[in-house]
Amino acid sequence: MSEESKTNSLLRRLPSVESVLKTETARAFSESAGLKRVTETARAAIEDLRVQLVSGETDNELSRERLLELAEKQLAEKIENLNRQKFQRVINATGVIIHTNLGRAPLAEAAKKAILETASGYCTLEYDLETGERGRRGRAAEELLCELTGAEAALIVNNCAAAAFLVLSEFGKGGEAVVSRGELVEIGGDFRVPDVMAQSGTRLVEVGTTNRTKLRDFEQAINENTKLLVRVHPSNFRIIGFTAMPSLSELAKLARERDLILYEDAGSGALVDLSRYGLSDEPVISESIRAGADVVTFSGDKLLGGVQAGIVVGRERIIERLRKNPLYRALRVDKIVYASLSATLEIYRNEKHLAEIPVLRMLSQTKEEIRDRVGQFCSEFKVQVSSMENQNSEPGTLNLELAEGFSAIGGGSAPLARLETVLISLQHERLSAKELENALRKSAPPIICRIAEDKVLLDLRTVFESEEMEIAAALLRILKQTDFFQG
Ligand SMILES: *Cc1c(COP(=O)(O)O)cnc(C)c1O
């Protein structure tokens, strides 16, 4: 028989969609995904197999049964790929606490509970229990913010970018805002101060130089079109060395004298002083208010440690104008956000934040505490490896070592903060660092880690204790699989 007719006879033995649907894998998948989806996926799996056969990658003598097995295997791979594309929880072993790509702040227990409770019924979103009438949307969360920051009033929108846009649209439109050149930053994720200004219809007036701006620079830029003096926290970078910047209270005095609004975009917005943890130049919101800022914006899911939200605090007359701006209607948040943000803010009010807000707990963990966790993890893991059922593999194909290193705050906060940590450095005898990292990333749940100098590094600072077991299980699975392949 010619090669071509061999292939043709092979293709005739390709399993039908019906027969693939009868396999164990297809039946299990159709229970969760439904018949339509499993049929489409099975068809695609058979097509993949056909392409493989035509390209001659497979043996030409395959039986019908063997082809069905191959199709089922292809289907299983496709299902795994589909599952990987799902929105899902991951384990963050990168040591970057506010990891924007991984969803920034993990929530406190009380915040999770509040979400669940609010989601499963009705709530007081815009309802006043005292009068039985319509109430102000999100009042409880706003009052907590006032209490915690010392501001007269507060407003919550979708994120800090929305908050900045709202403030500039209301107060800057058609006029000018004065900003130091050293603060015209890009925060990442496309938030650029000059672009937000332009979108809001505010003309940007840059003053000073990249490294030095003086009060006099602000003074000289003020004219009859000036509406705002703007201060932006540079967040993800620092200018160090020969620098100068007027203090917020100096700017506040100037703004008052000239009847202007002083607006600070504080970005990461710490509610408490975190200088003890190396975050000495993170603006504390209450200090900005005390220094005389008229309006301050910050994120809910950075150092505050809550859900995505943009928080505006400041003078009552300013907040009330923002509330009346039609844009607010487009930028306002859902009941779920109010529920979880209120619960998070209550933790601060009860002064339990260091123990209960995950971001702050991770931040305040000492290197020695992490070293203890790493030691415990490694010794338990070694016990598990030695009692592994598949004893034909010698334990020790995966080498775990302790290594000193640094965690990061992330989320565009405190780029200079160096959090000392103890890392687990992994080396596999037969897998490269890239392959091991890939296998961890493709585990369920996915484990995200970093690679340095050809080693996979796990930082337990950002791993919850309950997740350590999952990491150990994933490593054991990888060990078994690679041993199997080496067979
Ligand atoms: C992070 C940040 C923003 C953007 O905040 P989002 O909540 O992500 O919209 C804006 N300004 C500053 C200074 C920031 O640090």
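Some points to look at:
- Verdict on residue 296 being touching a residue at least 12 places away in the same chain (Cβ under 8 Å) and out of contact with any Leu (no Cβ under 7 Å at 6 or more places or on another chain): yes
- Segment 69-95: number of residues that are touching a Leu at 6+ places or on another chain (Cβ under 8 Å) and open to solvent by less than 40 Å² (accessible area, probe 1.4 Å): 7
- Wholly within segment 333-416, helices (runs of 4 or more DSSP H) carrying at least 2 residues that are open to solvent by less than 20 Å² (accessible area, probe 1.4 Å) and away from the ligand (no atom under 16 Å from the Cβ): 335-349, 358-364, 367-386
- Single condition residue 162 does not satisfy, out of (1) within 16 Å of the ligand (Cβ to nearest atom); (2) among the small types (Gly, Ala, Ser); (3) over 25 Å from residue 101 (Cβ atoms): (3)
Residue-by-condition table, conditions (1) basic (Lys, Arg); (2) more than 30 Å from residue 303 (Cα to Cα); (3) out of contact with any His (no Cβ under 6 Å at 6 or more places or on another chain):
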site: 47; (1), (2), (3): no, yes, yes
site: 55; (1), (2), (3): no, yes, yes
site: 70; (1), (2), (3): no, yes, yes
site: 76; (1), (2), (3): no, yes, yes
site: 80; (1), (2), (3): no, yes, yes
site: 84; (1), (2), (3): yes, no, yes
site: 102; (1), (2), (3): no, no, yes
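- Some residue of segment 169-176 being within 16 Å of the ligand (Cβ to nearest atom) and open to solvent by less than 60 Å² (accessible area, probe 1.4 Å): yes
- For segment 20-32, a tally of residues being surrounded by fewer than 17 Cβ atoms within 10 Å (Cβ to Cβ) and either more than 13 Å from residue 76 (Cβ to Cβ) or not aliphatic (A, V, I, L, M) (or both) returns 5.
- Exactly one residue out of 151, 141, 110 is open to solvent by less than 50 Å² (accessible area, probe 1.4 Å) and in contact with a Gly (Cβ under 9 Å, 6 or more places away or on another chain), and it is 151.
- Taking first residues from segment 134-145 that are over 16 Å from residue 331 (Cα atoms) and partners that are among the small types (Gly, Ala, Ser), the Cβ contacts under 8 Å between residues at least 6 apart in sequence or on separate chains come to 140/342; 141/154; 141/342; 143/154; 144/342; 145/151; 145/154.
- Number of the condition not met by residue 210 [criteria: (1) open to solvent by 60 Å² or more (accessible area, probe 1.4 Å); (2) within 16 Å of the ligand (Cβ to nearest atom); (3) not small (Gly, Ala, Ser)]: (2)
- Among all residues of segment 263-284, there is at least one that is within 16 Å of the ligand (Cβ to nearest atom) and surrounded by fewer than 17 Cβ atoms within 10 Å (Cβ to Cβ).
The values are calculated or read from the model by the stated rules, or taken from the named source; none is laboratory data. On a predicted model such as this, the values are computed, not experimentally measured, just so you know. A quick note on method: Cβ atoms are made from the backbone with ideal geometry, for glycine too, and the neighbour counts reach across all protein chains shown. Keep in mind that these areas ignore ligands, DNA and RNA; they rest on the heavy atoms of the full protein, side chains included. Shrake-Rupley method; radii C 1.70, N 1.55, O 1.52, S 1.80 Å.
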